[in-house]
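Comments concern the structure below.
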């Protein structure tokens, strides 16, 4: 039996300008499992993207359809980042929760706007503040590259020496284990071509809003932080109507499209729906190949790093 009745795949953007219906902007592929194919939407801003997704979630729950919701930014940071943040603040909880709450409280979007969302954020200021909390006196990091250059005193333009050593004496690698699996970029680089750091800084607060929305919170879960790994096709409880999972669309070939970003999210949608119709999508949520259950690596992934849906190549 398929796990989901509908799917929402989103190519996110951390940029500072309103953009739509072209490359390097937000693209959403969405639709029911019984649809011929996904529909697409390209909101002009992050605010409008979330406002578009919320009614889709409401409709799915109202129709007793479980929905898979995916974004293409990192849902966590490399091991020890959350520990360093905990040591520098009064935040408590699991590693991923500490990071999510901190970013939700600190990142502000649509700065300088009136009635229309501006899409301008303070993400570089937040990265600068995080570096100030974690960096030793002789090396700036772990975040690097900002615009304009040399504007933020604690953000170096070049990648810090790796692995980065925080002032708490913790080693923080540049990549998560999932990033190494799919050859994706570091979430610490916030401004160079192809970087994902700004997407993560602006995306996690929005995902936090969706996860904690009173309309959805009791029916929502974040994979694998709140679900663990799938052991069989019945691994999700009936109470979970909204499952959030990180994606990296480059793990699939994009559908032929003059706008590559749109083709990528449509490809991810078709991939998830196709496996689900064969009753094998659940395997993609299982323990990653090469990771031993209960190991240090397993615990780090489930508590702070997260994992990317589609890493497995056995389906």
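Structure notes:
- Those residues of region 87-124 which are crowded, with 18+ Cβ neighbours inside 10 Å and outside any helix (DSSP H, G or I), in sequence order: 107, 109, 117, 119, 121
- Residue check, residue 269 closer than 18 Å to residue 287 by Cα and either assigned to a helix (DSSP H, G or I) or in the same structural domain as residue 27 (by TED's automatic domain parsing) (or both): no
- So residue 133, is it outside any loop (DSSP other than H, G, I, E, B) and more than 22 Å from the chain's Cα centre (by Cα): yes
- Residue that is surrounded by the fewest Cβ atoms within 10 Å (Cβ to Cβ) [pool: residues in region 192-208 that are out of contact with any helix residue (DSSP H, G or I) (no Cβ under 6 Å at 6 or more places or on another chain) and at pLDDT 95 or above]: 207
- Against the test of being touching a strand residue (DSSP E or B) at 6+ places or on another chain (Cβ under 6 Å) and in contact (Cβ under 8 Å) with a residue 40 or more places away in the chain, the options 146, 117, 178, 127 yield a single qualifying residue, 178.
- Residue list for region 20-32, filter: surrounded by 19 or more Cβ atoms within 10 Å (Cβ to Cβ), in a loop (DSSP other than H, G, I, E, B) and in contact (Cβ under 8 Å) with a residue 24 or more places away in the chain: 25
- Pairs meeting the criteria (first residue in region 220-248 and farther than 16 Å from residue 272 by Cβ, second residue assigned to a loop (DSSP other than H, G, I, E, B) and at pLDDT 95 or above, beta carbons under 6 Å, at least 6 apart or on different chains) are 221/227; 221/240; 224/307; 229/286; 229/287; 241/66.
- Any hit, region 266-274, residues being surrounded by 19 or more Cβ atoms within 10 Å (Cβ to Cβ), free of Cβ contacts under 8 Å to residues at least 24 places away in the same chain and out of contact with any strand residue (DSSP E or B) (no Cβ under 7 Å at 6 or more places or on another chain): yes
- One residue stands out among those in region 209-234 that are closer than 23 Å to residue 288 by Cβ and within 15 Å of the chain's Cα centre (by Cα): the one that is surrounded by the fewest Cβ atoms within 10 Å (Cβ to Cβ), which is 226.
Per-residue answers, yes or no, for (1) surrounded by 23 or more Cβ atoms within 10 Å (Cβ to Cβ); (2) in contact with a strand residue (DSSP E or B) (Cβ under 8 Å, 6 or more places away or on another chain):
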| site | (1), (2) |
| --- | --- |
| 54 | no, no |
| 57 | no, yes |
| 65 | no, yes |
| 70 | yes, yes |
| 74 | yes, yes |
| 78 | yes, yes |
| 81 | yes, yes |
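- Taking the listed residues 141, 169, the one that is in the same structural domain as residue 126 (by TED's automatic domain parsing), buried (at least 22 other Cβ atoms within 10 Å of the Cβ) and on the phi > 0 side of the Ramachandran plot is 141, with no other qualifying.
- Any hit, region 52-64, residues being within 19 Å of the chain's Cα centre (by Cα) and free of Cβ contacts under 8 Å to residues at least 40 places away in the same chain: yes
- Pair list, Cβ under 8 Å, 6 or more apart: region 288-311 residue more than 20 Å from residue 243 (Cα to Cα), other residue part of a helix (DSSP H, G or I) and at pLDDT 95 or above: 291/177; 291/297; 291/298; 291/301; 292/298; 297/177; 300/177
The values are calculated or read from the model by the stated rules, or taken from the named source; none is laboratory data. This one's a predicted model, so the numbers in the text were calculated from it and none came from an experiment. In this analysis, Cβ positions are derived from the backbone assuming ideal geometry, glycine residues included, and neighbour counts consider all displayed protein chains.
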